[in-house]
Structures are given as C-alpha cells and as structure tokens.
Amino acid sequence: MPILEVEHIRKTFENTKVLEDISLSLDKGQVVSIIGSSGSGKTTLLRCLNFLERPDHGIIRVNGETLFDSNNPATQRESEIRKKRLHFGLVFQSFNLFPQYTAMQNVMLARELLAKEMPDYKAKKKELQSEIEEEAVSLLKQMGLADRANHYPHQLSGGQCQRVAIARALALKPDILCFDEPTSALDPELTGEVLKVIKELADKNTTMIIVTHEMAFARDVANHVIFMDGGHILEQGDPMQVFENPREERTRQFLSRFTQE
C-alpha cells in the first residue's frame, strides 16, 4: 500500500486555477522530485499536502487513512489540522527559524509543545525533556552542526540555517519529508552542503517530496520525477526516462532551457 495517495486535487485562488486534477502516489522510502516552471503549482501542491492550504476538491490519504476528502466535512475540521500536519515535515525556502531561539531550541520547540499536551506531562516532564534534548543533539550532529547547537540564526550561514530547518522537520518523525526549493535562498557555494544532507537522507530511504530547480540533483537523487505545467502533472516517470527521453514537447522545452543555462 502506498504511504501517500493523492486523488484529483484541485485548487483555485479567486479566478485562477492553480492545481487541476492532480493525482499521485508515493511509496515508503521513495524520493520524488517535482520540477516545472515558476507558477506551475508545485509549491501550492506541497502546501495542500501540509494543510497550509485547503484543496477545493480531492482526497489525500496517508498510510491508508483519509486525511482529507472534499466530500466529507468530517475530514475538514480545523481542530484536526495540526494533527494531520504531523504526517508531513516541510522545509521552506527561507528557513523560517525563530530568531530568538538557538539552533538547539529551534529543533526542540515543536516536540516540547506536543509533549506539554500529553496528559501525564507533569509527571514525566524531566524524562521527556531529556529525551527531546538527546534527539535534538543527535539530529544536529547528523546535520553536521553539533558545534553550532547554541548559536542563534543570525550567527549561522544560510546553509547552516537550512540544515537546522531540516533537523527541525525531522524531529517530529514525519511519514513524509517535503522540501520547497530548499536551496533557492542560498548562495551557490552553500547549495552543495544542503543538497549533500538531502542526498544522505535519500540514501537512508527517507520518504521525500522535493520541489527543486536543481535539475542534476533531481535526476541523480530521485527515483521518480514529476513535471508540472500550468497546474497539471504533464509527465512523470523514472528520472532517466523524463530527463533523457521526455514524451511531452513542453517537458523537452523546459529541460532544454536548463541545458542552455
């Protein structure tokens, strides 16, 4: 059974159709790269998956559980949104770290907030805090930031900030880790260090959806590529097939532009 099933998602902003009949599935351990021009609907799709936007139509399932069904009001309750977001970790373009918190505190924050909602939090507070701290230390070490745990965002490079953001997303142990152009806010020399971390996650069979303009990275790291155009999935398949022998003329035009650049 796929870990993620998306069926016939549509999204319109005012009179603009941003997503039209989007359907896809994702298996556990799979890495999907979504490519396409700006305005093709890539970011909106991620935002719908993370319930930062509500689709106008369609179904979203994770591990067989229906998280959203446009025909079922019970799946659209605002009170359930935060719980549904826990299935997805989202790494934004612009880090979105809290400037008043250290790298360590940024990674720990969401776990701490969830822990406080537990019925037995007061009785287990010390134990839970120790566990959260240990996991944060381990994640920062995994990101190559063990020596930056007590640094604030303004004391970190852009690449380091993005790696803290990845650690923060991983802290909640999401089913699916989503990246929205994770290197677009970085200088070229810092892009490599973030892509290296994502490649290492892929090697560990982390289930991921990556929206990116890094074509070589999308080709080499993903095991499935989706090309979006005008709110549609125009083509998808094995990276070699999509990049070396695209079926659609629009895909060929898009990829040739990057080759020329």
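The values are calculated or read from the model by the stated rules, or taken from the named source; none is laboratory data. Note that the structure is a prediction, hence the values are computed from the model and not measured. Virtual Cβ from ideal backbone geometry, glycine too; neighbours counted across all protein chains shown. Areas reflect the complete protein model, heavy atoms only, side chains present, ligands, DNA and RNA absent. Shrake-Rupley method; radii C 1.70, N 1.55, O 1.52, S 1.80 Å.
Go through segment 206-233 residue by residue and tally those that are out of contact with any Pro (no Cβ under 8 Å at 6 or more places or on another chain), open to solvent by 50 Å² or more (accessible area, probe 1.4 Å) and touching a residue at least 40 places away in the same chain (Cβ under 8 Å).
First, pick out the residues of segment 206-233 that are out of contact with any Pro (no Cβ under 8 Å at 6 or more places or on another chain): 206-209, 211, 213-217, 221, 226, 228-233.
Pick out the ones that are also open to solvent by 50 Å² or more (accessible area, probe 1.4 Å) and you get 213-214, 216, 232.
So of that shortlist, the ones also touching a residue at least 40 places away in the same chain (Cβ under 8 Å) come out as 213, 232.
Of the residues in that region, 2 qualify.
Just checking, does segment 11-23 include any residue being over 25 Å from residue 171 (Cβ atoms), of a type outside the set (D, E, K, R) and in contact with a Pro (Cβ under 7 Å, 6 or more places away or on another chain)?
The answer is no; no qualifying residue exists.
Out of all the residues in segment 16-39, is one or more closer than 30 Å to residue 204 by Cβ, among the hydroxyl-bearing types (Ser, Thr, Tyr), in a helix (DSSP H, G or I) and under 17 Å from the mean Cα position of the chain (by Cα)?
Taking every residue of segment 16-39 in turn, none turns out to be closer than 30 Å to residue 204 by Cβ, among the hydroxyl-bearing types (Ser, Thr, Tyr), in a helix (DSSP H, G or I) and under 17 Å from the mean Cα position of the chain (by Cα).
I'd like the residue in segment 234-261 that is open to solvent by less than 50 Å² (accessible area, probe 1.4 Å) and either in a strand (DSSP E or B) or charged (D, E, K, R) (or both) and, out of all such residues, is farthest from residue 199 (Cα to Cα).
Among residues in segment 234-261 that are open to solvent by less than 50 Å² (accessible area, probe 1.4 Å) and either in a strand (DSSP E or B) or charged (D, E, K, R) (or both), the one farthest from residue 199 (Cα to Cα) is 235.
Within segment 134-143, work out how many residues are open to solvent by less than 70 Å² (accessible area, probe 1.4 Å) and either among the charged types (D, E, K, R) or touching a residue at least 60 places away in the same chain (Cβ under 8 Å) (or both).
The number of residues fulfilling the criteria is 1.
Search segment 40-76 for residues being outside any strand (DSSP E or B) and among the aliphatic types (A, V, I, L, M), and hand back the single one that is nearest to residue 179 (Cα to Cα).
46
Show the residue pairs meeting these rules: Cβ distance below 6 Å; 6+ apart or different chains; first residue within segment 97-112 and at negative phi; second residue at pLDDT 95 or above and polar (S, T, N, Q).
Listed by first residue and then by second, the contacts come to 97/106; 98/106; 102/150.
So which residues in segment 16-36 are closer than 16 Å to residue 232 by Cβ and open to solvent by 20 Å² or more (accessible area, probe 1.4 Å)?
Selection gives 16, 17, 18, 20, 21, 23, 24.
What number of residues in segment 154-165 are surrounded by fewer than 24 Cβ atoms within 10 Å (Cβ to Cβ), part of a helix (DSSP H, G or I) and either among the polar types (S, T, N, Q) or within 13 Å of the chain's Cα centre (by Cα) (or both)?
2
What's the number of the only condition in (1) touching an Asp or Glu at 6+ places or on another chain (Cβ under 8 Å); (2) under 18 Å from residue 42 (Cβ atoms) that residue 223 fails to meet?
(2)
How many residues, within segment 44-66, are open to solvent by less than 50 Å² (accessible area, probe 1.4 Å) and closer than 19 Å to residue 91 by Cβ?
9
Pairs needed: first member in segment 1-15, closer than 18 Å to residue 232 by Cα; second member anywhere, of a type in the set (Ser, Thr, Tyr) and not in a strand (DSSP E or B); C-beta distance under 7 Å; at least 6 residues apart or different chains.
So the pair list comes out as 11/44.
If we keep just the residues of segment 90-133 that are touching an Asp or Glu at 6+ places or on another chain (Cβ under 9 Å) and part of a loop (DSSP other than H, G, I, E, B), which is surrounded by the fewest Cβ atoms within 10 Å (Cβ to Cβ)?
Checked segment 90-133; the qualifying residue surrounded by the fewest Cβ atoms within 10 Å (Cβ to Cβ) is 93.
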